[in-house]
Structure formats: C-alpha cells, structure tokens
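Participant: Would you mind keeping the following structure in view while I ask a few things?
What follows draws every value from the coordinates through simple rules; no lab data is involved. Please read all numbers here as calculations on a predicted model, not as lab measurements. Methodologically, a virtual Cβ is constructed for each residue, glycine included, from the backbone with ideal geometry; neighbour enumeration extends over all protein chains shown.
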Amino acid sequence: MKSLSLRTGLLILLACGVMAVGSASAVAQDAAATYKGKCAMCHGADGKGSPTGLKMGAHDFTSDEVQKQADLQLSVIIAKGKGKMPAYEGKLKDTEIKDLVAYIRGLAKK
Ligand code: HEC
C-alpha cells in the first residue's frame, strides 16, 4: 500500500514537470510570434535593427548598450515607448512584455 501511494505521488510529480516544461516553451513561442509580428519590422528578426528602425534610432539589441539596461528599464521602454518607439501599454499584457524582454536577452546569446 505504501509503495503504491509513493508511485502515484511520483507519477503526479512527473506529470506536473511535463506540463511545466510544455507551458514554458509555449510562452517562448508566443514571445517569438509577438516579436516577429510587432517588433521585427523596426528591430530586425535578429534584434540588430532593420534599416527603417535604425534610421529612427533603434539600437542593436545584442549590443552592451541595450543588454546592460535592467529588465525594468527595457520593460518601461516597451510599455511607454521612447522617441519613435511606439508604446505597447494596453496592447500587450505585462506578462507579454516580460516575455519579450526575456526574448530580447535571448537574441544577444545567439
Ligand atoms: C516603428 C518602429 C518600432 C517598432 C514597431 C518597435 N520599436 Fe522598439 N524602438 C524603436 C526605436 C526607434 C527605439 C529607440 C528609441 C530611442 O532611444 O529614442 C526603440 C527602442 C526599443 C528598446 C530599447 C532599446 C533600444 O533599442 O534603444 C526596446 C527594448 C524595444 N524598442 C523593444 C521593442 C519591442 C519589444 C517591440 C515590439 C513589441 C518594439 N520595440 C517595436 C522602434 C520601434
């Protein structure tokens, strides 16, 4: 009896782990899709900036200049906008903005 409940417990733990991994990659995919749809036209698919975006003053996301800024600073720029960068507050959820910041960090590591 004891070993049975232990096994059930292990199975539940395993199932939770699988679900957590599944939802984490779904989040990453969402951020990638949002980035491609809303940001890449100015910031480039690789984050280094499109010709239009660079002309407007966007910076290379993979540069130190951008990467040394705190997550909060980058989130605020995405939410409130800056210069020619449009504000996404109200258009994107806080969690989506957070995922985009993580996505931008990921671009620098490639
Ligand atoms: C219309 C073009 C445009 C679009 C679309 C756009 N941006 Fe920007 N973005 C800019 C410009 C221009 C700047 C530079 C603002 C400045 O420093 O004056 C900027 C700045 C930023 C910065 C700060 C780092 C930097 O380059 O100075 C972040 C982070 C950022 N954008 C993220 C995003 C995200 C995420 C999206 C999509 C949700 C997005 N941007 C969509 C033009 C754009």
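Participant: If you place +1 on the Cβ of every Lys and Arg, -1 on the Cβ of every Asp and Glu, and leave all else neutral, what size is the dipole of region 30-108 about its Cα centre, to the nearest 20 Debye?
Facilitator: Roughly 260 debye, rounded to the nearest 20.
Participant: How would region 30-108 be classified by its alpha-carbon gyration tensor: rounded, prolate or oblate, with rounded meaning a/c under 1.5 and the a/b versus b/c comparison settling the rest?
Facilitator: It comes out rounded by the Cα gyration axes.
Participant: Using 0.36 nm per residue of separation minus the Cα-Cα distance, give me the extension gain between THR52 and ALA79 in nm, one decimal.
Facilitator: Here the answer is 7.6 nm.
Participant: Given the peptides 96-106, 78-88, arrange them by the average over their residues of other C-beta atoms within 10 Å, most packed first.
Facilitator: Top of the packing list down: 96-106, 78-88.
Participant: Okay, next question. According to the square roots a ≥ b ≥ c of the eigenvalues of the Cα gyration tensor, what is the shape class of region 55-98, taking rounded for a/c under 1.5, prolate for a/b larger than b/c otherwise, and oblate for the remainder?
Facilitator: Oblate shape, in that a/c is at least 1.5 and b/c is the bigger or equal ratio.
Participant: Around PRO86, with a cut-off of 11 angstrom between Cβ atoms, what is the net charge of the other residues, counting Lys and Arg +1 and Asp and Glu -1?
Facilitator: Counting the neighbours of PRO86, the net charge comes to +4.
Participant: In terms of Cα to Cα distance under 21 Å, which lysines are near enough to LYS82, apart from those fewer than 8 places away along the same chain?
Facilitator: Within the straight-line limit of under 21 Å, LYS82 reaches these lysines: LYS36, LYS38, LYS48, LYS55, LYS68, LYS91, LYS93, LYS98.
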